[in-house]
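Asker: Just passing along the structure, written as structure tokens.
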Amino acid sequence: MKTACIIGAGASGITAAKTFREQGIDFDCFEKGSGIGGNWRYGNDNGMSSAYRSLHIISSKWNMQYSDYPMPEDFPDYGHHSDVLRYFENYVDHFGIRETIRFHCEVKEVTPHSRDGWEVTLAGGERRNYRAVVVANGHHWNPRWPEFPGSFHGEAIHSHHYKTPEAFEDKNVLIVGIGNSACDIAVDLSRLARTVHLSTRRSAYVLPKYVLGIPNDQWLHPLFDYFPLALRRTAFRILAYMTVGNQERYGLPRPRHKLLQEHPTLNQEFLSYVGHGRIKIKPDIRELQGERVGFVDGSSEPFDTIIYATGYNITFPFLKPEVFTVQDNRVHLYRRVIDPELPNLFFLGLIQPLGAIMPLAELQARWIAGLLNGEMALPDEGRMRRDIEADRSLLRRRYTDSARHTIQVDFWDYVHQLKREMRKGKKLADRKRRMKGEG
């Protein structure tokens, strides 16, 4: 029986493989597709990538890189998805972990094998047993569709399946949503489509990627997350105002929520295209009317295509409901990683940070490795459940109640939380070893 099974070789899976190999933890890593990179492999043959041709990162390269493998000097501030994939490919080859990944290998089922073990069934029927399973298959692959009264007679797709703008040339397109993908796609289409409208329920704060020529996230020191929330909001508001001013002047309504109460949208071009009239803003949809769409303000517009940029469902098809369930995208995990009842089932990268996932997944992998090799220990189940509830309560106070924010974390705050957890885990493991020795 090997120690661990890693499911997926995307940004989270490869850093887990690298960390486990360094720590001497024997493992298998299974990837459904033919290559590494997960969501960042455009046209990934595992069928799970939501990358579109024009996709660029929204966290600067300094906030996205792994701690022990800096981005190359020729990597732009906000790289294209091909730049990101090249970085991942070099990372895998630099640390010699490509040979540890088994490609074209889908995990079909993960079931408890014993009190502390798991049985993993592969697509070909092969079964293997492990002490631990690390789920790193990502959470941006199962589209979430909204429900509206009526029916639409044109084409309707989810942003997950959007790749290039050419198919929408000279069409009237409605985009539903105002997250990063929605705004990227709106800008992309505004150059070819006849009209582009964007429907939003609450609007959003659209922040620039650059402030005074410096990447947005480079203005934010790690100590920033120790500041009171009101002070952080003021700082963000000042940075945005210095660059774009009042977004209502462009034609984007004031959001109903406070700044940082929802995940902000980062886009350098969107407001400009709204101001130029190439992207028109509409409120929430009231009903679908065949070839038209009616909105809550009483207006109605004809459309050829609707693109739903409405997020994703968090699902794990290889885990039966009696093993692990997710309802309304809510996952109840200790430090976003561990179910107290299933301490050897780990979820890696199952977070939505104000910042990049990669460095956080790397830190999570180090914590998991410490737990597997006995260097660290977990608190008792009761303590973990109390901390889970405390985190949920904090999340409810901080963010709007929506499926988009169920796994939200603040980047540096989460870094500090994980590092504290690792320090406590080492002390707890040492104490347990001393007690065992005394016994």
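Asker: Looking at Arg256, is it assigned to a strand (DSSP E or B) and either touching a Phe, Trp or Tyr at 6+ places or on another chain (Cβ under 6 Å) or free of Cβ contacts under 8 Å to residues at least 60 places away in the same chain (or both)?
Answerer: So Arg256 fails the test.
Asker: Only one of Phe88, Phe152 is farther than 26 Å from Phe347 by Cβ, crowded, with 17+ Cβ neighbours inside 10 Å and either at pLDDT below 95 or not aliphatic (A, V, I, L, M) (or both); which? Give the steps one after another, and end with the answer.
Answerer: Working: Phe88 fails: farther than 26 Å from Phe347 by Cβ.
That would be Phe152, the only listed residue that is farther than 26 Å from Phe347 by Cβ, crowded, with 17+ Cβ neighbours inside 10 Å and either at pLDDT below 95 or not aliphatic (A, V, I, L, M) (or both).
Asker: What pairs come up if the first residue lies in the stretch 229-247 and is in the same structural domain as Trp412 (by TED's automatic domain parsing), the second is crowded, with 18+ Cβ neighbours inside 10 Å, and their beta carbons are under 7 Å apart, counting only those six or more places apart or on different chains?
Answerer: Listed pairs, sorted by first residue: none to list.
Asker: Next question, about the same structure. Go through the stretch 77-179 and tell me which strands (runs of 3 or more DSSP E), entirely inside it, have 3 or more residues that are hydrophobic (A, V, I, L, M, F, W, C).
Answerer: On the way: elements: 107-114, 117-122, 127-135, 150-152, 155-158, 172-176.
Output list reads 117-122, 127-135, 172-176.
Asker: Answer yes or no as to whether Pro353 is touching a residue at least 12 places away in the same chain (Cβ under 8 Å) and crowded, with 21+ Cβ neighbours inside 10 Å.
Answerer: Numbers: touching a residue at least 12 places away in the same chain (Cβ under 8 Å): yes; crowded, with 21+ Cβ neighbours inside 10 Å: yes.
So Pro353 passes the test.
Asker: Tell me yes or no: at least one residue of the stretch 323-341 is among the hydroxyl-bearing types (Ser, Thr, Tyr) and touching a Ser or Thr at 6+ places or on another chain (Cβ under 9 Å). Steps first, please.
Answerer: Residues of the stretch 323-341 that are among the hydroxyl-bearing types (Ser, Thr, Tyr), as a first pass: 325, 334.
Next, only the ones that are touching a Ser or Thr at 6+ places or on another chain (Cβ under 9 Å) stay: none.
Scanning the stretch 323-341, I find no residue that is among the hydroxyl-bearing types (Ser, Thr, Tyr) and touching a Ser or Thr at 6+ places or on another chain (Cβ under 9 Å), so the answer is no.
Asker: Now, a different point. Within the stretch 293-312, identify whether any single residue is closer than 30 Å to Leu372 by Cβ, at pLDDT 90 or above and surrounded by 14 or more Cβ atoms within 10 Å (Cβ to Cβ), and answer yes or no. Steps first, answer last, please.
Answerer: Let us first name the residues in the stretch 293-312 that are closer than 30 Å to Leu372 by Cβ, namely 312.
After this cut, where a residue has to be at pLDDT 90 or above as well, the list is 312.
Now drop any that are not surrounded by 14 or more Cβ atoms within 10 Å (Cβ to Cβ), which leaves 312.
Checked against the condition, which is being closer than 30 Å to Leu372 by Cβ, at pLDDT 90 or above and surrounded by 14 or more Cβ atoms within 10 Å (Cβ to Cβ), the stretch 293-312 yields at least one hit.
Asker: Please go through the stretch 318-341 and pick out each residue that is under 23 Å from Glu119 (Cβ atoms) and either of a type in the set (Asp, Glu) or touching a residue at least 60 places away in the same chain (Cβ under 8 Å) (or both). Lay out the reasoning, then the answer.
Answerer: Let us first name the residues in the stretch 318-341 that are under 23 Å from Glu119 (Cβ atoms), namely 318-326, 331, 333, 337-341.
Phe318, Leu319, Lys320, Glu322, Val323, Val331, Asp339, Glu341, listed by residue number.
Asker: From Arg404, Arg397, Arg385, which residue is assigned by TED's automatic domain parsing to the domain that holds Ala132, part of a helix (DSSP H, G or I) and without any contact (Cβ under 8 Å) to a residue 40 or more places away in the chain?
Answerer: Result: Arg397 is the single residue among Arg404, Arg397, Arg385 that is assigned by TED's automatic domain parsing to the domain that holds Ala132, part of a helix (DSSP H, G or I) and without any contact (Cβ under 8 Å) to a residue 40 or more places away in the chain.
Asker: Restricting the search to the stretch 384-405, which residues are closer than 22 Å to Trp367 by Cα, touching a strand residue (DSSP E or B) at 6+ places or on another chain (Cβ under 9 Å) and of a type outside the set (A, V, I, L, M, F, W, C)? So that I can check it myself, show each step before the final result.
Answerer: We begin by selecting, within the stretch 384-405, every residue closer than 22 Å to Trp367 by Cα; these are 384-392.
Now restrict to residues that are touching a strand residue (DSSP E or B) at 6+ places or on another chain (Cβ under 9 Å): 384-385, 387-388, 391-392.
The answer is Arg385, Asp387, Asp391, Arg392.
The values are calculated or read from the model by the stated rules, or taken from the named source; none is laboratory data. Small disclaimer: the values here were computed from a predicted structure and weren't measured. Note that each Cβ is placed from the backbone with ideal geometry, even for glycine, and that neighbours are counted across all protein chains shown.
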